[in-house]
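Since the structure comes first, as C-alpha cells, the remarks are kept for the end.
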Amino acid sequence: MSATRPVTMDVRTASLPLQSPFRISGYTFREVPIASVSLRRDGIEGRGEAAGVYYLDDTPQRMVATIEAHRRAIESGIDRQQLMGLLPPGGARNALDCALWELESKESGQPVWQLAGLDQVVPKITTFTLGADDPSVIAEKADALTDARSLKLKLSGDIEVDAVRVRTVRTVRPDVWLGVDANQGFTRDSLSRLLPVLVDAGVKLIEQPLARGREADLDDFHSPIPLAADESVQGLADMPNLVGRFDVVNIKLDKCGGLTEGLAMAARARQLGLKVMVGNMVGSSLAMAPAFVLAQQCDFIDLDGPTFLAADVTPSLVYRDGTVWCPEEVWGCCAQH
C-alpha cells in the first residue's frame, strides 16, 4: 500500500442521464447523480466514482459534504486501511477508496488486479437488466438483447403482473439464465404465491424479495430457488445476519464503501458458506471498473450499469457476446492516461 504522503484532492458532482426511464419496485430513475474524486500526487492521478445508496438518502451532495469534512486528513496522506477507520460504508468512502487503489497502482507499477492478489483477469458473463415495465415493453427489450446470455428481470410486487412479466421473458428468451430482483417488493406470503411461477419459468436466482429489516421473516422459509441479499446487506457487519436466510450476498461498492471492503466481504462470504454476487448502482465505466476486479471472485456478475446511460466515459467497458471486459486503460492500470 502506498506511503501516506500528501495528496491534492478534487471532488465533483454530476448527473448522468439515462437512455430511457428505468423502473424498479417503488422507484423510477431518469438519471444517475454521482460524485467523483481525483487524488493527485507528483503528477499521478487516482480516480473514483460513486452513485451512493439511493434508499439510504446517500446523495452526491451528502457524499461531498462528508469528504470535505475530512479534507485535511485526506490530503495530509491516508491509505485504504486508514480510510476505513475514517469513514463509514457508503458512496463517499467508495469514491475515495477506488481513487486510492488507482493511485497506488500507478505509483507501484502494478495493475489493481495484481495488487488485489489475483493471478489474472478474464471477461465475465454479466446479467443485463430488464425494468419492471409493461410486459409488451419487456418482451421487446428482451428480444433486442440478442447477445445476452444472462438476464435479470425487475419485479414490482404485483404478483399477477409479475407472473406475466416472468412468463413473457421466458417465452421470448428460452435460452438465457434468468434471475429476478424484487427490490424489497414482496412479503413472505406473496413470495410463496409467486414461487411456482418462478420455478416453472426456470428462474435461477431471487434477489432481495423482502423489505430490508424483515430478514427474520425468512427464518424456516424453504425456497427451491436461491435467495440473494442486496438491500439487506450493506457491509461486513451485516453478513452474519444472512446465514440461514439467504444463499447469496450481493456486494455493491457503493454500499460497502469500496473495493477494499468488497474484497473482504467476498472472502467472508466463502467462510460463511454463501455464494457471491457483484452488483452496481448504475454509473459509468469508471464506477464499474473496480467492481470488475471483484467480479473475478464472484459466482454471479451484474455489471451492466453503463449500458443504461445516454453516454458513457471514454475509454469504456466492452460488452460482447454476453460478457463484460474492462480494458486496462479504463481504470486501475499502472500507466498514466
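Tabulated values for the structure
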{"read-out": "Principal-axis tilt of helix 60-69 within the chain, Cα atoms, nearest 10 degrees", "value": "30 degrees"}
{"read-out": "Signed unit charges on C-beta, dipole axis of the range 137-193, positive-most listed residue A142, S192, V169", "value": "S192"}
{"read-out": "Degrees between helix 259-271 axis and first principal axis of the chain (Cα, 0 to 90, nearest 10)", "value": "50 degrees"}
{"read-out": "Cα-centre dipole for the range 8-109 with unit charges at Cβ (Lys and Arg positive, Asp and Glu negative), debye to 20", "value": "240 debye"}
{"read-out": "Nonlocal amide H pairs with L18, under 5 Å, H built at 1.01 Å", "value": "E31, V32, A310"}
{"read-out": "Selection from L39, S20, G90 lying farthest towards where the dipole of the range 8-109 points positive, charges on Cβ", "value": "S20"}
{"read-out": "Computed log₁₀ I(q)/I(0) - Debye formula, equal Cα scatterers, no solvent, the range 219-337, q 0.12, 0.19, 0.21 Å⁻¹", "value": "-0.45, -0.98, -1.13"}
{"read-out": "Helix 135-144 axis, angle to the chain major axis (alpha carbon atoms, nearest 10°)", "value": "60 degrees"}
{"read-out": "Debye log10 I(q)/I(0) for the chain, one point scatterer per Cα, at q = 0.06, 0.09 Å⁻¹", "value": "-0.20, -0.45"}
{"read-out": "Amide hydrogen neighbours beyond the local backbone of I251, cut-off 5 Å, H modeled", "value": "M277, V278, G279"}
{"read-out": "At 1.306 mPa s and 10 °C, Stokes D of the range 124-325 from Kirkwood alpha-carbon radius, µm² per second", "value": "93 µm²/s"}
{"read-out": "Dipole of the chain [Lys/Arg +1, Asp/Glu -1 at C-beta], most positive-end residue of L178, I301, L274", "value": "L274"}
{"read-out": "Inverse of mean 1/r across different Cα pairs in the range 8-109, Kirkwood, Å", "value": "14.3 Å"}
{"read-out": "Highest to lowest packing among 126-139, 318-331, scored as the average C-beta count within 10 Å", "value": "126-139, 318-331"}
{"read-out": "For the chain, built as a Gaussian network whose Cα springs stay under 10 Å, the top-fluctuating residue of G48, G26, G283", "value": "G26"}
{"read-out": "Residues E31, E231 arranged by fewest to most Cβ contacts within 10 Å", "value": "E31, E231"}
{"read-out": "Residues of the range 143-183 with amide N under 13 Å of the 7 Å Cα→Cβ point at D321", "value": "147-149"}
{"read-out": "Dipole magnitude of the chain about its Cα centre (Cβ charges: Lys, Arg +1; Asp, Glu -1), debye to nearest 20", "value": "240 debye"}
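Each reported figure results from applying straightforward, stated rules to the coordinates on display, with no laboratory input. Predicted, not measured: the structure shown is a model, and the values here were computed from it. Glycine also receives a Cβ, built like all others from the backbone with ideal geometry; neighbour counts cover every protein chain displayed.
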